[in-house]
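Have a look at the structure below before the remarks.
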2 protein chains.
Amino acid sequence: MQKYDSEPRLQHFIDTCRQHQLKITPQRVAIYRALMDSDQHPTADMMYQTVREEFPSISFDTVNRALLTFAGIGMVDVVEVFGGPKRFDPDIDDHHHLHCTACGRIIDFDHEGYSHLEVPAEIARQFKVISKRVVLKGLCATCAPER
Amino acid sequence: MQKYDSEPRLQHFIDTCRQHQLKITPQRVAIYRALMDSDQHPTADMMYQTVREEFPSISFDTVNRALLTFAGIGMVDVVEVFGGPKRFDPDIDDHHHLHCTACGRIIDFDHEGYSHLEVPAEIARQFKVISKRVVLKGLCATCAPER
DNA sequence: CTCTTAAATAAGAGTCATTCTTATTTGTCA
DNA sequence: TGACAAATAAGAATGACTCTTATTTAAGAG
């Protein structure tokens, strides 16, 4: 049923919840598991649709709140999308984004040249930078020919 | 009544509308004029409140649609704000973002070094890049001491 | 193992920012 | 001076949260 052994990550998730005095509920486990298994960057609604299959009685609010809670303790990343709903990213490592403005898809990419961006000195003085990301907006391969 | 001579910009606006087969309506002129006069990055609702003073019968939809139309022909820039309404910017230059993960604020900044980021060749082959932006996440001056 | 209690959940109402629909009005060009 | 496509006003509808309230439950205490 699962793509690969995700138990270590799940265990890490549980430990992190405990460290933050968050209760380990079956709903939260199902939500986190579904997020790990997703290859895209799902929206709260996409997550809701997925988790419902396993948990027919779960509410949208529970899914959304759980995702925001996970983001609050650094277990997932929230990606802002212009003109669209928030997307949640289970990968919290540094990486960059291609954002297709036609279909809304967000594609991760790594690029050595972007990994060592320097923070301008006057910014570093006033803002404690935790992560750096380059966002390229444009059209993905699927959407580009259409126009 | 006006802060400075904005007629040349207004004339440029009118010419650009004509080039795009857009009708020059008094509503659109009032909206563009108000946007030029605003020093912040107003939301559609802020613009609506301002333009209403001159045009009591204007509707929110007209203001919002006009702003989006102006954005469509490159006369204004739309700034995405995490968890908040769109903001419209009469300055269409590229800029970057500081995103405070504690308070959610987004602070614009310019940095010469970020303005010439190169797009990796293998990305450029599969994705038509329209804009590039660096997003720095972290803690702003107000939130940093708290932790 | 049972109790206690603060935290989490389900359901649904409410809110905010758009976005759409429809009837009416108005620039623009023949 | 029409004709007509485009734009507008008003209000309904939509999407994405966000809040409220009553109910249930995880997890530490005893």
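The values are calculated or read from the model by the stated rules, or taken from the named source; none is laboratory data. Computed from a predicted structure; not experimentally measured. Cβ sites come from the backbone with ideal geometry, for glycine too, and all protein chains shown count toward neighbours. Heads up: the accessible areas ignore ligands, DNA and RNA and are worked out on the full protein's heavy atoms, side chains in. Shrake-Rupley method; radii C 1.70, N 1.55, O 1.52, S 1.80 Å.
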Selection from region B:25-49 of residues in a helix (DSSP H, G or I) and touching a Leu at 6+ places or on another chain (Cβ under 8 Å) yields B:Arg28, B:Val29, B:Ile31, B:Tyr32, B:Arg33, B:Leu35, B:Met36, B:Ala44, B:Met47
If we ask which residues in region B:103-113 are open to solvent by 60 Å² or more (accessible area, probe 1.4 Å) and of a type outside the set (Asp, Glu), their number turns out to be 2
Mind counting the residues in region B:66-93 that are under 14 Å from B:Ile31 (Cβ atoms) and within 10 Å of DNA strand D (Cβ to nearest atom)? 2
Looking at the structure I just gave you, is A:Val63 facing chain B (nearest Cβ under 10 Å), in contact with a helix residue (DSSP H, G or I) (Cβ under 7 Å, 6 or more places away or on another chain) and within 12 Å of DNA strand D (Cβ to nearest atom)? no
Go through the residues of region B:114-132 one by one and say whether even a single one is in the same structural domain as B:Phe13 (by TED's automatic domain parsing), open to solvent by 60 Å² or more (accessible area, probe 1.4 Å) and touching a Ser or Thr at 6+ places or on another chain (Cβ under 9 Å). no
B:Val78, sole failed condition from (1) within 12 Å of DNA strand C (Cβ to nearest atom); (2) modelled with pLDDT of 95 or more; (3) touching a helix residue (DSSP H, G or I) at 6+ places or on another chain (Cβ under 6 Å): (2)
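This table checks each residue for (1) more than 10 Å from DNA strand C (Cβ to nearest atom); (2) exposed (fewer than 14 other Cβ atoms within 10 Å of the Cβ); (3) within 17 Å of the chain's Cα centre (by Cα); (4) not hydrophobic (A, V, I, L, M, F, W, C).
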| position | (1), (2), (3), (4) |
| --- | --- |
| A:Ile14 | yes, no, no, no |
| A:Pro26 | no, yes, no, yes |
| A:Met36 | yes, no, yes, no |
| A:Thr43 | yes, no, yes, yes |
| A:Glu54 | yes, yes, no, yes |
Which residue pairs have Cβ atoms closer than 6 Å, lie 6 or more positions apart in sequence or on different chains, and pair a first residue in region A:38-52 that is more than 11 Å from A:Phe88 (Cα to Cα) with a second residue that is near DNA strand D (Cβ under 10 Å from one of its atoms) and open to solvent by 10 Å² or more (accessible area, probe 1.4 Å)? A:Tyr48/A:Phe60
